[in-house]
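First comes the structure, then the notes that go with it.
The values are calculated or read from the model by the stated rules, or taken from the named source; none is laboratory data. It should be emphasised that the depicted structure is a prediction, and the values quoted were computed from it without experimental measurement. Glycine gets a Cβ as well: all are built from the backbone with ideal geometry, and neighbour counts include every protein chain shown.
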């Protein structure tokens, strides 16, 4: 089962790393207060990505719903990071969009499989 989820697992792990890096870089910005929403989104997104990667790796029956929520959280994080011009925010936004896309693919694939 894991191999069918592998692109999404990889995207989730890459996204979590990008979010961690972005949050850490935001904390080093001159105006940290301006970055609080970004940091908060990064932390939530990284945690969700790590959790959903585990669900998929284990072939959990809840992977479908976890991926649905992960896609929403990643999209929200991407939108927040995209508001900022810093390179780390732009890299994070791109990783979040990729992860959201991969999670949506899993939701679509598992949704079709459930209706068969």
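General remarks:
- A single member of 41, 57, 95, 75 is buried (at least 22 other Cβ atoms within 10 Å of the Cβ), under 19 Å from residue 9 (Cβ atoms) and either modelled with pLDDT of 95 or more or more than 14 Å from the chain's Cα centre (by Cα) (or both), and it is 95.
- Segment 103-116, subset touching a helix residue (DSSP H, G or I) at 6+ places or on another chain (Cβ under 6 Å) and surrounded by fewer than 23 Cβ atoms within 10 Å (Cβ to Cβ), residue modelled with the lowest pLDDT: 110
- Summed over segment 22-36, residues that are surrounded by 14 or more Cβ atoms within 10 Å (Cβ to Cβ) and modelled with pLDDT of 95 or more total 5.
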